[in-house]
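A.B. asks: This is the structure, below, for whatever I ask next.
The values are calculated or read from the model by the stated rules, or taken from the named source; none is laboratory data. Quantities reported herein were computed from a predicted structural model and do not represent experimental measurements. So basically every Cβ, Gly included, is an ideal-geometry build from the backbone, and we count neighbours across all protein chains shown.
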Amino acid sequence: MPTFQTLPGFREFYPEDLARRNHIFRLWRRTATTFGFSEYDAPVLEPLELYKAKSGEEIENQLFSFKDKGDREVALRPEMTPTVCRLVGARANALKRPIKWFSIAEFYRYERMQKGRGRCFSQFNADIFGEPGPEAEIELIALLVQCLCAFGLTEEDFRVRLSDRNLWLYYLETLGLDAPRIRGVLGAIDRYEKYGDDAFKGYTEQFGALDAGVKEKILSFLQIKSLESLESVLAASGGEKLTARLADWRKLLDGLAAMGLARFVEVDLGVVRGLAYYTGFVFEAFDRRGELRALAGGGRYDDLVEKLGGPALPATGFAIGDMTFALLLEQRGLLPNLVQASDVYCVIGGAAERKAAFADIQALRAAGHRVEYPIKETAFGKQFKTAAESGARLALIYGTEELAKGVVKLRDLGERTEREIPRGDVVAAVRDFLGGPQG
Ligand code: HAM
């Protein structure tokens, strides 16, 4: 056993694990590109101030923070949203709108560890800046769905729960609650699924018990599962703001339906999101069986760019975490065991043959082929066994006899056939056989 262990909640990636993570990142990246999003990156270490009072109490309590040698208060990033707001805010005028950006990066939160939750995890973040209407949400939810479907997941495996902090705000206002009480109720709703009625404890401690009639209305509003029910419940409340908001809902759901994505999306007012900065539509993705923690979460945060010193700029986005996602793929048998095999394995006679082989190996690698050979001189027979087990498609055989004739033997390891090729033709013959460099 090594003396030093990894810190609790931190992960190590052995090559086969990293191959799986890279596979996930590769498909996310490819999907984002097909949606016209541009990739960015930013520092892992940020000023502590960036998260204070912006991300919300829960994340603030989970920060890995310390003072650096210059006496600055710093924190490992727990999320990307404040950072990307700073980046976009600093160049908002020069950037072509709408600004559609994505990143794949690692984050740190000092959380209680559980299945699918660690202290160091990766997220795929996608955000749109400069678009105030629900058109941005259509694009983002479509991207979120495709990022999951790209791996073979279907509507049987996951759903996107869609809700709206604005609608809650308007509704709670019509019930006569003021801003601090509204915040208190939204906090309770965020916890309600997990804690049931206990979720209101904090509210009661702060403001006294909620009026029974008001609470009943809130709990039945929470049960609404369709736009039609929303419209009929809210018809009585009336008001311009509500009518306009319901039109946004209609636009969003119609847009997703036109993309053929309605089957993935459910109206679910139980989602309000814990993070402090959300202002409008919010959504989370979960596995259908409800066995795992959230796969993804996001929403609109129209005030954050300005709060962080930039111009007023509407924004909305989401993040998928890699841990729950990998668990779901594994459960469904959709995470392949990725074999990292070479294209070509070279079997080499003795010291003289090595010289000839090395020149070809170098040329083949420069042409983009994955080539392996025994690093140390090894018995001929043993090398054939290694070649067969290596997963390579081809073996090149550099024996004394072959070299005397000016040829190399090319063996198709799948078909178990062999032929001789002139030494000068090795690169071309391998390229013909494999069909160009392997990706
Ligand atoms: P979040 O809900 O805190 O949102 O995280 C998004 C996803 O990251 C979660 O659904 C989960 O899959 C993953 N995640 C979060 N914490 C952990 C953890 N400790 N261990 C493993 N996975 C975790 C945000 O971070 C927002 N900044 C997303 C966003 C982007 N909103 C707008 N743009």
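A.B. asks: Could we say that ASP343 is in contact (Cβ under 8 Å) with a residue 24 or more places away in the chain, under 30 Å from ALA150 (Cβ atoms), within 15 Å of the ligand (Cβ to nearest atom) and not hydrophobic (A, V, I, L, M, F, W, C) here? Working first, answer last.
C.D. replies: Working: in contact (Cβ under 8 Å) with a residue 24 or more places away in the chain: yes; under 30 Å from ALA150 (Cβ atoms): yes; within 15 Å of the ligand (Cβ to nearest atom): no; not hydrophobic (A, V, I, L, M, F, W, C): yes.
Spelling it out, it is not the case that ASP343 is in contact (Cβ under 8 Å) with a residue 24 or more places away in the chain, under 30 Å from ALA150 (Cβ atoms), within 15 Å of the ligand (Cβ to nearest atom) and not hydrophobic (A, V, I, L, M, F, W, C).
A.B. asks: Is there a residue in segment 55-71 that is touching a strand residue (DSSP E or B) at 6+ places or on another chain (Cβ under 8 Å), among the aliphatic types (A, V, I, L, M) and at negative phi?
C.D. replies: Here is the first cut: in segment 55-71, the ones touching a strand residue (DSSP E or B) at 6+ places or on another chain (Cβ under 8 Å) are 63-68.
Adding the requirement that they be among the aliphatic types (A, V, I, L, M) leaves 63.
Subset that is at negative phi: 63.
Taking every residue of segment 55-71 in turn, at least one turns out to be touching a strand residue (DSSP E or B) at 6+ places or on another chain (Cβ under 8 Å), among the aliphatic types (A, V, I, L, M) and at negative phi.
A.B. asks: Can I ask one more? Since ARG21 meets every condition but one in (1) surrounded by 13 or more Cβ atoms within 10 Å (Cβ to Cβ); (2) closer than 30 Å to LEU95 by Cα; (3) basic (Lys, Arg), which condition does it not meet?
C.D. replies: (2)
A.B. asks: If I go through segment 281-325 residue by residue, how many of them are surrounded by fewer than 21 Cβ atoms within 10 Å (Cβ to Cβ), more than 7 Å from the ligand (Cβ to nearest atom), hydrophobic (A, V, I, L, M, F, W, C) and closer than 14 Å to ASP157 by Cα?
C.D. replies: Residues that pass the stated criteria total 1.
A.B. asks: A further question follows. Here are ASP248, ASP254: which of them is in contact with a Pro (Cβ under 7 Å, 6 or more places away or on another chain) and in a helix (DSSP H, G or I)? Spell out the reasoning first.
C.D. replies: Values: ASP254 fails: in contact with a Pro (Cβ under 7 Å, 6 or more places away or on another chain).
ASP248 is the lone residue from the list that is in contact with a Pro (Cβ under 7 Å, 6 or more places away or on another chain) and in a helix (DSSP H, G or I).
A.B. asks: Of all residues in segment 161-194, which are of a type in the set (Ser, Thr, Tyr) and either farther than 21 Å from SER232 by Cβ or crowded, with 21+ Cβ neighbours inside 10 Å (or both)?
C.D. replies: So the first thing to find is which residues in segment 161-194 are of a type in the set (Ser, Thr, Tyr), and the list is 163, 170-171, 174, 192.
If the condition is that a residue be of a type in the set (Ser, Thr, Tyr) and either farther than 21 Å from SER232 by Cβ or crowded, with 21+ Cβ neighbours inside 10 Å (or both), then SER163, TYR171, TYR192 are the ones that fit.
A.B. asks: Taking segment 382-404 as the region of interest, how many residues are within 18 Å of GLU353 (Cβ to Cβ) and exposed (fewer than 13 other Cβ atoms within 10 Å of the Cβ)? Explain how you work it out, then say what you get.
C.D. replies: Step one: list which residues in segment 382-404 are within 18 Å of GLU353 (Cβ to Cβ), which gives 382-384, 386-387, 394-404.
Retained after the next criterion (residues that are exposed (fewer than 13 other Cβ atoms within 10 Å of the Cβ)): 382, 400-401, 404.
Count: 4.
A.B. asks: Can you tell me which residue in segment 200-209 is nearest to VAL272 (Cα to Cα), limited to those that are touching a residue at least 12 places away in the same chain (Cβ under 8 Å) and surrounded by fewer than 18 Cβ atoms within 10 Å (Cβ to Cβ)? Break it down into steps so the answer makes sense when it comes.
C.D. replies: To start, the set of residues in segment 200-209 that are touching a residue at least 12 places away in the same chain (Cβ under 8 Å) comprises 200, 202-203, 206-207.
Next cut, surrounded by fewer than 18 Cβ atoms within 10 Å (Cβ to Cβ) only: 202, 206-207.
Details: GLY202: 17, GLN206: 20, PHE207: 20 Å.
In this case the residue turns out to be GLY202.
A.B. asks: Out of the residues in segment 115-137 that are assigned to a loop (DSSP other than H, G, I, E, B) and modelled with pLDDT of 95 or more, state the one that is nearest to the ligand (Cβ to nearest atom). Reasoning before the result, please.
C.D. replies: Residues of segment 115-137 assigned to a loop (DSSP other than H, G, I, E, B): 115-116, 118-119, 130-134.
Those left that are additionally modelled with pLDDT of 95 or more: 118-119, 130-134.
On the way: GLY118: 5, ARG119: 7, GLY130: 15, GLU131: 14, PRO132: 15, GLY133: 17, PRO134: 15 Å.
Looking at the filtered set, the residue picked out is GLY118.
A.B. asks: Output the residues belonging to segment 68-125 that are touching a Cys at 6+ places or on another chain (Cβ under 7 Å) and either hydrophobic (A, V, I, L, M, F, W, C) or without any contact (Cβ under 8 Å) to a residue 40 or more places away in the chain (or both). Let's see the steps before the verdict.
C.D. replies: So the first thing to find is which residues in segment 68-125 are touching a Cys at 6+ places or on another chain (Cβ under 7 Å), and the list is 106, 108, 124.
Passing the criteria: only PHE124.
A.B. asks: Something else now. I need the full set of residues from segment 24-42 which are among the hydroxyl-bearing types (Ser, Thr, Tyr) and either surrounded by fewer than 16 Cβ atoms within 10 Å (Cβ to Cβ) or in a helix (DSSP H, G or I) (or both), in order please. Before the answer, list the steps.
C.D. replies: Initially, segment 24-42 is screened for residues among the hydroxyl-bearing types (Ser, Thr, Tyr), giving 31, 33-34, 38, 40.
Answer for segment 24-42, where residues must be among the hydroxyl-bearing types (Ser, Thr, Tyr) and either surrounded by fewer than 16 Cβ atoms within 10 Å (Cβ to Cβ) or in a helix (DSSP H, G or I) (or both): THR31, THR33, THR34, SER38.
A.B. asks: Another question about this same structure. Would you be able to tell me the number of residues in segment 74-91 that are among the hydroxyl-bearing types (Ser, Thr, Tyr) and within 13 Å of LYS307 (Cβ to Cβ)?
C.D. replies: Start the filter on segment 74-91 by keeping residues that are among the hydroxyl-bearing types (Ser, Thr, Tyr), which leaves 81, 83.
Then keep just the ones that are within 13 Å of LYS307 (Cβ to Cβ); that gives 81.
Going through segment 74-91 one residue at a time, the tally reaches 1.
A.B. asks: Given the conditions (1) exposed (fewer than 14 other Cβ atoms within 10 Å of the Cβ); (2) without any contact (Cβ under 8 Å) to a residue 60 or more places away in the chain; (3) not hydroxyl-bearing (Ser, Thr, Tyr), and given that GLU57 satisfies all but one, which numbered condition is not satisfied?
C.D. replies: Single failed check for GLU57: (2).
A.B. asks: Then there's this: Residues that are under 30 Å from GLY298 (Cα atoms), surrounded by fewer than 19 Cβ atoms within 10 Å (Cβ to Cβ) and at pLDDT 95 or above: does segment 334-344 have at least one?
C.D. replies: Yes: one or more hits.
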